[in-house]
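*Asks:* Please find one structure pasted underneath; my questions will follow.
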Amino acid sequence: MRKTILFLFAGLLFASNLIAQQPKKYNATEIFEAIQKLNFLGSALYIAAHPDDENTRLISYLSNDLKARTAYLSLTRGDGGQNLIGPELRELLGVLRSEELLAARRIDGGEQFFSRANDFGYSKHPDETLAIWNKEAVLSDVVWTIRNFRPDIIINRFDHRSPGTTHGHHTSSAMLSFEAYDLAANPDKFSDQLNYTAPWQPKRLFFNTSWWFYGSQENFEKADKTNLLEFEIGNYYPLRGVSNNEIAALSRSQHRSQGFGSMGSRGSQTEYLEFLKGDMPKDKTNLFEGINTTWSRVKNGEAIGKILGKIEENFNFKDPSSHLPHLLNAYGHINKIEDDYWRALKLKEIKQIITACAGLYLEAVANDVSANPGDQITLSIEAINRSDSAIILKSISTNLNNSQQGLNTPLNNNEKQDIELEVVLPDTLSYTAPYWLTKKAELGMYMVKDQNLIGKPETPRALSVTFNLVFDNSITLPIVKDVIYKYSDPAKGEVYQPFEILPPVATAFENKVNIFSDAQPKDISLKVRAVKDNITGIISLDLPEGWEVHPAVINFNIKNKGEEKAVTFNVTPPSNENVATIKPLVRINGDAYSGALTEIAYDHIPTQTVLMPSEAKVVRLNIEKAGENIGYIVGAGDAVPESLQQIGYNVMTIAPEDINAENLKRFDAVVVGIRAYNIVDELKFKQSFLLEYVKQGGTVIVQYNTTWRGGDFPVKNLAPYELKLSRDRVTDENSEVSIIAKNHSLINFPNKITQNDFNGWVQERGLYFPNQWGAEFSPILSMNDKGESAKKGSLLVAPYGKGYYIYTGLSFFRELPAGVPGAYKLFTNMLSIGKKQVKTDDKKIKG
Ligand SMILES: [Zn+2]
C-alpha cells in the first residue's frame, strides 16, 4: 500500500517538479512581472513555526497580486514531524522539509528563512516550548531576520494571546514575533548583530485570522470586525491563466512529505488580517495603504521609477529585448543608490531581468557531481546571447581565486560560446553540508556559529563563477552563477544536481541501532563508500568501555569513485544492560574521516547529499521473550518490524489482501502499524478477520491511529469492545509513569517492568490515547503532562475469546528505533501475552 501511495505522489507532480530543479528560464510574461516587482518597493514577512504552517494563498497574493517582496520565516525546519514519502526522519526530515519549502516558494514567489529552533516534538503550551528552545536565541533570530529583510508588514500565522489552544510552537512563533517587532528597531538589543545589519522598524503587525480562530463560522460572522482588514485574494491572473488559489495549491502541494497535496480552487475568497501594532491602514482592504511602495522612498530613486513605469506601460511581449537600453539605464542608477539594502536587492532583481530580456544563458557545469578539497576539476562553461544587444564576455572568474580569465569575446546573437575552465579546489575548502547540522545540536536548538548563516534556508554553495559582461561597450554587469552538475537520464531527460564538495570517503552503518538481547557477540556491518578513485586505508570502530571488537582494524582498498565495500566487525557486549554509541574511524594517508553521507533524492527537490557524523547505537538488553512469529500490518511506515527482528523475532509484513483466517493462524501475534486504518482503506474490510483471529487465541496489538482527518474513524469495529480514540497525548518524554495494573501479565511476563523502564524515552510518551473504553479493557499505565489530569488510555488490554486485544498509543515507533531498553521489554511483553494466562486477580480499572 505504501508503494502505491509513493507512486501516486510521484506521478502527480512529476512534470512540473523536474522543471523546478532546472535553472529558471523567464518567458515574456515572467519578465514583465519581474519588472512590476522591481517597480514595487514594499515587503511583507509571514511568521509561523513549521514548514506547512504558512498560508500559501496569502503569500501568493502578496507576491503575485501586490508584487511585494514576500518571505516566510518558519522558526523550525519541521524535523519532529513524520514522513509519508520516505525514510528520512529527524535531521534528514528537516533537510527534506527545508527543500520542500523552497520548492513551494519557487511556485508562489516568496523567499524563505528559518531560525535555529529545533522542532523537538509536540508541546502543548508556549511555556514548555520556550523552556526547551533557547528563547533569547530564537528571539534574536527573529530580530535578525526582520533587520535583514526589512519588512514593512509582518503577519503572524497564529494568535499570540491564546496559549494552550494549539501547538506550543505555534503560539511561541506569534509571541516572539510580537516581541521582535519592537526590538528590531532598538539598537541596544542584540547589538552584536549591528556589525552586519542595521535596526529596522516595521510599520504594521497583523495576525492572519479566520473563522477557525473564532470556533465557528457563525461566531465569526457575529464578531466585531473593526480591527480587521478584509480583502479579496481569489483573483485571476490572465497573463498566466491561473487564479491565485491555484498557484497557492500548487505551492502547498510541495509539502509532499506531509501529504499536503491539495486541489486548486477558483473563485472569490476573502482573507482577514487582525491589526495588532503599528498604524492601522485607513483603507481596510489595502494592507500597504499609507506605506510608500514607490521608488521615491529611496534617495534619488524617482528617476528609476519613471524608467520602469514607462517600460511597464509599453511592455513589448513579442520582444522584451527592445527594453534593454532603458533597463541598462535603470541599472546604472540603481548601481549608484547609497542605501546598501536597496542597492543590493534591486541590483539582483534587475540583473535577472536584463539577462532574461537578452535571452542570455550562462551556465558553469562541473565534470562530476562532487569533488574533494585539493582536486582539480574542469568546468564546462556555456554563454549565449539571444538578442541583438551588443554584449562582450569580458572575463570569467571563480569565487575561489581572484584571477580572471581574460576573454573579451563578443557574444553575437545566438552564437554559443563554450569555454573550459580548470579549477584547483583549495585543500581548506569546507565540505558541503547543511550548516545547522555541522555541530551537535541541543534538544531545542541547532548550533550555528557564523551569524551570517543564521536564517538562510541552505548553505551557500562553495563554488560559483562570475561572468563579467559588458553591454554597449560601456556598462559592466557581473553575473554570478553557482557551479552545477547535470546529466541526461533516459527516463527524465536533463537532470540538474547541486555540485558538492565531499570528503574522499564516507561510512554508513547497516543498522543505526544494534540490539544485543543476550551476551552473544554480534556482527556489525558498515559500508565504506569511496568519493574518490583509488583509496586505500584502514577502518576501526571506536567503542566505549565494556564493549569488545574484533578485529581491531580492517584494511580496505576501493578502486572507483562511487563504489562501496562492506566491512564487518564482531562485537561482544558487556554482561550488564548498557546503551552506548559507536563510531567508525577511517584513516587514509594519515588523515582521519568519520562522516556519513545520506542522499535525499526526490523529484520535487534538488538532490541533497547530507554529511553528518557517522554513528550507531549499541544496546545490551537482558530480555526474555515468548513466541517467535510476528505478523506486521504496515501503516504510515515505521521501523518497528526491523527493531523486533533485532531482538530475534521472525517478523513478516502482511499485505492487506493477504489478511485472512488461514494466513493469520501462523502468527504468535499480529501488530498493526501506526495510522494503518487512517491510510490503508482496505483494512476496514479485513478487521473482522483480525478480531476472529483474537477470538481463536491470537494476540493483536494496534498502535496509534488518529481520529482527526475527516471526522468519522474509518473502521467501525476497531476493537471487540467499546473503544473511543481521543486527542489525549503525553508529550513530555520524562513525565512520570505510574503502573496501575501491577500484577498484570503485561508488567510481569516474561520481563518485569519497573519505573526504570520509562527512563531514556525520546520525544514523547505517546499520542491519540483512547479516553473511553469498555469494562473489558484493563488500563495498565497512567501518565500525564505537567498540570494535566491523569491519562490512563496509553496501554489497554482486553481478553477476547481465547486471545488478547491490545491498543496502545505509546510511541513505540519512536522508542524502538532509538534503542530504548524499557520500550523493548514492554513491547516483548505485549507480544508474549498469549503465551501465559493473565492472573485472575487483575483489577479492572475504569478510565
Ligand atoms: Zn505547525
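*Asks:* Testing F158 on (1) open to solvent by 30 Å² or more (accessible area, probe 1.4 Å); (2) within 16 Å of the ligand (Cβ to nearest atom); (3) touching a helix residue (DSSP H, G or I) at 6+ places or on another chain (Cβ under 7 Å), one condition comes back false. Which one is that?
*Replies:* For F158, the failing item is (1).
*Asks:* Does region 80-94 include one or more residues that are buried (at least 23 other Cβ atoms within 10 Å of the Cβ) and in contact with a helix residue (DSSP H, G or I) (Cβ under 6 Å, 6 or more places away or on another chain)?
*Replies:* no
*Asks:* Working only within region 770-828, note down all residues that are hydrophobic (A, V, I, L, M, F, W, C) and touching a strand residue (DSSP E or B) at 6+ places or on another chain (Cβ under 6 Å).
*Replies:* Initial filter on region 770-828 (hydrophobic (A, V, I, L, M, F, W, C)): 773, 775, 777, 780-781, 783, 790, 795-798, 806, 810, 812-813, 816, 818, 820, 823, 826-827.
Listed by number, the residues that qualify are W773, F777, I780, L781, M783, A790, L795, L796, V797, A798, I806, L810.
*Asks:* Within region 261-273, how many residues are under 16 Å from I59 (Cα atoms) and among the charged types (D, E, K, R)?
*Replies:* Within region 261-273, residues that are under 16 Å from I59 (Cα atoms) and among the charged types (D, E, K, R) number 1.
*Asks:* Please enumerate the residues belonging to region 528-557 that are part of a strand (DSSP E or B), within 35 Å of the chain's Cα centre (by Cα) and free of Cβ contacts under 8 Å to residues at least 40 places away in the same chain.
*Replies:* Answer for region 528-557, where residues must be part of a strand (DSSP E or B), within 35 Å of the chain's Cα centre (by Cα) and free of Cβ contacts under 8 Å to residues at least 40 places away in the same chain: just A530.
*Asks:* Please verify whether region 135-145 includes one or more residues that are away from the ligand (no atom under 16 Å from the Cβ), at pLDDT 95 or above, surrounded by fewer than 24 Cβ atoms within 10 Å (Cβ to Cβ) and assigned to a loop (DSSP other than H, G, I, E, B).
*Replies:* no
*Asks:* Next up: Say we look at region 360-395 and pick out the residues that are free of Cβ contacts under 8 Å to residues at least 40 places away in the same chain and open to solvent by less than 30 Å² (accessible area, probe 1.4 Å); which of these is farthest from L502 (Cα to Cα)?
*Replies:* N385
*Asks:* Could I ask something else about it? Please specify each residue of region 331-352 satisfying the condition of being without any contact (Cβ under 8 Å) to a residue 60 or more places away in the chain, within 20 Å of V480 (Cα to Cα) and touching a helix residue (DSSP H, G or I) at 6+ places or on another chain (Cβ under 9 Å). Break it down stepwise before answering.
*Replies:* Kept after step one, since they are without any contact (Cβ under 8 Å) to a residue 60 or more places away in the chain, are these residues of region 331-352: 333-340, 343-344, 347-348.
Among the residues that remain, those that are also within 20 Å of V480 (Cα to Cα) are: 334-336, 340, 343-344, 347-348.
Scanning region 331-352 gives I334, N335, K336, R343, L347.
*Asks:* Still on this structure, please answer the following. Given the structure, is N452 of a type outside the set (D, E) and open to solvent by less than 30 Å² (accessible area, probe 1.4 Å)?
*Replies:* Against the criterion (of a type outside the set (D, E) and open to solvent by less than 30 Å² (accessible area, probe 1.4 Å)), N452 does not qualify.
*Asks:* On to the next question. Kindly indicate the residue of region 468-525 that is buried (at least 17 other Cβ atoms within 10 Å of the Cβ) and not in a strand (DSSP E or B) and also farthest from the chain's Cα centre (by Cα) among those meeting that condition.
*Replies:* S517
*Asks:* May I ask you to verify whether V715 is in contact (Cβ under 8 Å) with a residue 60 or more places away in the chain and either surrounded by fewer than 22 Cβ atoms within 10 Å (Cβ to Cβ) or in a strand (DSSP E or B) (or both)? Even if it seems obvious, please write down each step before you answer.
*Replies:* Numbers: in contact (Cβ under 8 Å) with a residue 60 or more places away in the chain: no; either surrounded by fewer than 22 Cβ atoms within 10 Å (Cβ to Cβ) or in a strand (DSSP E or B) (or both): yes.
No.
*Asks:* Of all residues in region 562-578, which are open to solvent by 60 Å² or more (accessible area, probe 1.4 Å) and in contact (Cβ under 8 Å) with a residue 40 or more places away in the chain?
*Replies:* Filtering region 562-578 for residues open to solvent by 60 Å² or more (accessible area, probe 1.4 Å) gives 563-566, 568, 575-577.
Of everything in region 562-578, those that are open to solvent by 60 Å² or more (accessible area, probe 1.4 Å) and in contact (Cβ under 8 Å) with a residue 40 or more places away in the chain turn out to be A566, T568, S575, N576, E577.
*Asks:* Additional query: Can you go through N743, N678, N663 and tell me which one is outside any loop (DSSP other than H, G, I, E, B), at pLDDT 95 or above and surrounded by fewer than 23 Cβ atoms within 10 Å (Cβ to Cβ)?
*Replies:* N663
Yes/no per residue for (1) crowded, with 20+ Cβ neighbours inside 10 Å; (2) not in a helix (DSSP H, G or I):
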{"residue": "I247", "(1), (2)": "yes, no"}
{"residue": "L276", "(1), (2)": "yes, yes"}
{"residue": "K284", "(1), (2)": "no, yes"}
{"residue": "E289", "(1), (2)": "no, yes"}
{"residue": "I304", "(1), (2)": "yes, no"}
{"residue": "K310", "(1), (2)": "no, no"}
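*Asks:* State which residue pairs qualify: first residue without any contact (Cβ under 8 Å) to a residue 60 or more places away in the chain and inside region 683-705, second residue of a type in the set (F, W, Y) in any location, beta carbons under 7 Å apart, and separation of 6 or more residues or different chains.
*Replies:* L683/Y677
*Asks:* Would you pick out the residues in region 608-632 that are of a type in the set (A, V, I, L, M), out of contact with any Leu (no Cβ under 7 Å at 6 or more places or on another chain) and part of a strand (DSSP E or B)?
*Replies:* Of everything in region 608-632, those that are of a type in the set (A, V, I, L, M), out of contact with any Leu (no Cβ under 7 Å at 6 or more places or on another chain) and part of a strand (DSSP E or B) turn out to be A616, V618, V619.
*Asks:* Can you report the number of residues in region 150-191 which are in a loop (DSSP other than H, G, I, E, B) and out of contact with any Lys or Arg (no Cβ under 7 Å at 6 or more places or on another chain)?
*Replies:* Going through region 150-191 one residue at a time, the tally reaches 18.
*Asks:* So, in region 161-180, of the ones that are closer than 22 Å to A198 by Cβ and surrounded by fewer than 24 Cβ atoms within 10 Å (Cβ to Cβ), which residue ends up farthest from the ligand (Cβ to nearest atom)?
*Replies:* It comes out as E179.
*Asks:* Let me ask something else about it. I'm trying to understand the selection: among the residues of region 533-552, which are closer than 21 Å to E564 by Cα and hydrophobic (A, V, I, L, M, F, W, C)?
*Replies:* I535, I538, I539, L541, A552
*Asks:* All but one of (1) farther than 15 Å from T507 by Cβ; (2) crowded, with 19+ Cβ neighbours inside 10 Å hold for V528; which doesn't?
*Replies:* Among (1) farther than 15 Å from T507 by Cβ; (2) crowded, with 19+ Cβ neighbours inside 10 Å, the lone unmet condition for V528 is (1).
The values are calculated or read from the model by the stated rules, or taken from the named source; none is laboratory data. None of the values given here were measured: they were computed from a predicted structure. All Cβ positions, even for glycine, are placed from backbone atoms using ideal geometry, and neighbour counts span all protein chains on display. In case anyone asks, the SASA skips ligands and DNA or RNA and just uses the protein heavy atoms, side chains included. Shrake-Rupley method; radii C 1.70, N 1.55, O 1.52, S 1.80 Å.
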